[in-house]
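Derivation of every value follows stated rules applied to the coordinates shown; laboratory data play no part. Please read these numbers as outputs of a predicted model, since none were measured by experiment. Methodologically, a virtual Cβ is constructed for each residue, glycine included, from the backbone with ideal geometry; neighbour enumeration extends over all protein chains shown.
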Amino acid sequence: MYDTQVTLVGHVATQVDYKETVNGPSARFRFAVTPRYWDRRKDTWTDGTTSFYTVWARRTLAVNLAGSVAVGEPLVVHGRLRVREDPPDGEGNRWFSAEIDATAVGHDLNRGTAAFRRVVRIDQPLMATQNQAVV
């Protein structure tokens with residue numbers, strides 16, 4: 001597969017928007033990434049231009065994201081990069097947006113601590129008893 005895989009380090013910019021869909025759980029949020037570099041002329045660290053991405057998560061990742069992530073928290077996001085072009089507006093301006101289909105998301109432990117809690121699934125059986133005779 002020739003997808004562009006990226007890993008981004010940044011901060012949660014918006015609240016996680018979680019929804020149950022016919023295809024399963026889905027979540028999205030905006031993610032801000034600001035590069036820092038050493039400015040030799042000013043002899044100090046300087047922030048570059050902030051880029052914003054829409055991060056999409058599906059299924060279990062979506063459920064866990066909704067219960068674990070808040071605005072302003074530092075994250076590491078890994079997934080497939082998609083760049084979309086929206087149709088030109090009335091003035092002829094073209095708009096592009098960058099989205100990440102996340103495969104992994106975690107808190108950036110360079111900036112704080114986290115306590116991992118494993119989710120225990122309890123699957124409901126399809127039938128009350130497997131050896132039940134059909135009459």
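Here the chain yields Rg over Rh of 1.15, to two decimals, using C-alpha coordinates and the Kirkwood radius.
Once C-alpha pairs closer than 8 Å and six or more residues apart are averaged by separation and normalised to the residue number of the chain, the relative contact order reads 24 percent. Each of THR103 and THR4 was given a label point 7 Å from its Cα along the Cα-to-Cβ line. The distance between the two points is 1.6 nm. Using a 10 Å Cβ count of at most 12 others and DSSP loop calls, identify the longest part of the chain lacking such chymotrypsin sites (Phe, Trp or Tyr not before Pro). That would be 3-115. Once backbone amide H atoms are built at 1.01 Å from N, ASP108 has LEU75, VAL76 as its partners under 5 Å, excluding neighbours fewer than 5 places away on the same chain.
Checking every one of the trypsin sites (Lys or Arg not before Pro) in region 64-127 against DSSP loop status and a limit of 14 other Cβ atoms within 10 Å picks out ARG94, ARG111, ARG117, ARG118, ARG121. Under the combined filter of DSSP loop state and at most 15 neighbouring Cβ atoms within 10 Å, region 1-96 retains these GluC sites (Glu not before Pro): GLU91.
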